[in-house]
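The values are calculated or read from the model by the stated rules, or taken from the named source; none is laboratory data. Predicted, not measured: the structure shown is a model, and the values here were computed from it. Glycine gets a Cβ as well: all are built from the backbone with ideal geometry, and neighbour counts include every protein chain shown. Just so you know, the surface numbers come from the protein's heavy atoms only, side chains and all, with ligands and any DNA or RNA stripped out. Shrake-Rupley method; radii C 1.70, N 1.55, O 1.52, S 1.80 Å.
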Amino acid sequence: MRIDVVTIFPDYFTPLTLSLLGKASASGLIEVCVHDLRTFTHDRHNTVDDSPYGGGPGMVMSPIPWGEALDAIAAKEKTLRPVLVVPTPSGAVFDQRAAQAWTADPWLVFACGRYEGIDARVAQHYAKSSEWAGVREVGIGDYVLAGGEAATLVIVEAIARLLPGVVGNEASVTDDSFAAGSMAQLVEGPVFTKPQEWRGLAVPEVLLSGHHGQIATWRAEQARLRTAQVRPELAADGQMDH
Ligand code: 6GU
C-alpha cells in the first residue's frame with residue numbers, strides 16, 4: 001500500500017519510521033512519503049492560511065497550495081488512482097470496519113488540516129476528479145484535536161497492522177477487540193502471563209487448566225462482562241444474555 005501525507009509539520013510523522021510501521025516500510029509492505037505543504041507555496045512567508053469568508057474566529061487553509069500539492073502527488077503515478085483522506089472532526093467516525101475496508105485501497109493520500117480546516121472546495125474538487133478514486137472525510141472520535149496529524153498516525157497504524165505480513169502473528173489481529181467476523185462488537189477481556197502469582201494476585205485457575213474449550217468460554221464471558229461495564233452502548237450488550 002502506498003501512503004502519502006501532506007502536512008505543515010512533517011516532523012510529526014517520525015513515528016512512522018519506528019516499530020511495526022517502520023518494519024512495514026523497511027520490508028516494502030507499505031511505502032510512506034511525507035510532504036511539506038509549505039513547499040507548494042510561492043510567497044516569502046510560505047503562507048498556507050487566510051481569514052474565513054463570512055467572518056469568525058481562526059484561519060482557514062487556502063485551497064491554492066493544497067491543489068498544487070495534491071496534483072503533484074497524483075501526477076507521480078499514472079497507473080493507480082489515489083483516495084484522498086481528509087481527517088476532520090466533522091467527518092464520519094473511522095472505526096475498525098473502516099480500517100479493514102481501507103486495506104483494499106492501494107493508495108491513500110492524507111491531507112492534514114490545521115487551524116479551522118481546509119477550504120471546502122478542495123474536497124469538492126477531488127471528489128469529482130477522474131484522476132482520483134474518491135474523497136473520505138473522517139474523524140477518529142468525539143473530541144477535537146489541533147490538526148489532522150495525530151488522526152493520520154492513528155488511521156495509518158490501524159490499517160497497516162491489518163495488511164498481510166505486517167504483524168508477525170496473524171491470530172493476534174483476527175482476535176482483536178472489534179475484529180470483523182467476530183459475532184459481536186466486544187472489547188477483549190483481561191490477559192495474564194508469568195508469574196502465576198504476583199503481589200498476592202493469582203492468575204485465574206481456568207487459564208492454567210489446559211482445557212481449551214473452557215478457556216475460550218471463560219474469555220468470551222470476560223469480554224462480554226467488560227463490554228457491558230465499559231461500553232454499554234455497543235450492539236452486543238445484553239443481546240447474548242437472552
Ligand atoms: Cl480527524 N481531526 C481533528 N482536528 N480533531 C479530531 C479528529 C480529526 N478526529 C477527532 N477529533
Find the residue count for segment 92-104, including only residues that are polar (S, T, N, Q) and either over 18 Å from residue 5 (Cβ atoms) or not in a loop (DSSP other than H, G, I, E, B) (or both).
2
Checking residue 81 against (1) in a loop (DSSP other than H, G, I, E, B); (2) in contact with a helix residue (DSSP H, G or I) (Cβ under 6 Å, 6 or more places away or on another chain), which single condition isn't satisfied?
(2)
Scanning segment 115-132 residue by residue, those open to solvent by less than 50 Å² (accessible area, probe 1.4 Å), touching a strand residue (DSSP E or B) at 6+ places or on another chain (Cβ under 8 Å) and within 23 Å of residue 81 (Cα to Cα) turn out to be 118, 119, 122, 123, 126, 132
List the pairs whose first member sits in segment 143-154 and is assigned by TED's automatic domain parsing to the domain that holds residue 83, whose second member is open to solvent by 70 Å² or more (accessible area, probe 1.4 Å) and within 8 Å of the ligand (Cβ to nearest atom), and whose Cβ atoms are under 8 Å apart, counting only residues at least 6 apart or on separate chains?
143/89; 144/89; 145/89; 151/145
Test result for residue 189, farther than 24 Å from residue 15 by Cβ and in contact with a Phe, Trp or Tyr (Cβ under 9 Å, 6 or more places away or on another chain):
yes
Quick one: which of 187, 191 is surrounded by 13 or more Cβ atoms within 10 Å (Cβ to Cβ) and outside the structural domain of residue 125 (by TED's automatic domain parsing)?
187
Verdict on residue 82 being under 18 Å from residue 156 (Cα atoms) and either surrounded by 15 or more Cβ atoms within 10 Å (Cβ to Cβ) or away from the ligand (no atom under 16 Å from the Cβ) (or both):
yes
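Inside segment 105-206, counting only helices (runs of 4 or more DSSP H) that do not spill past its ends, which hold 2 or more residues that are away from the ligand (no atom under 16 Å from the Cβ)? Can you show your working first?
Details: elements: 121-127, 149-160, 170-174.
Counting at least 2 such residues, we get 121-127, 170-174.
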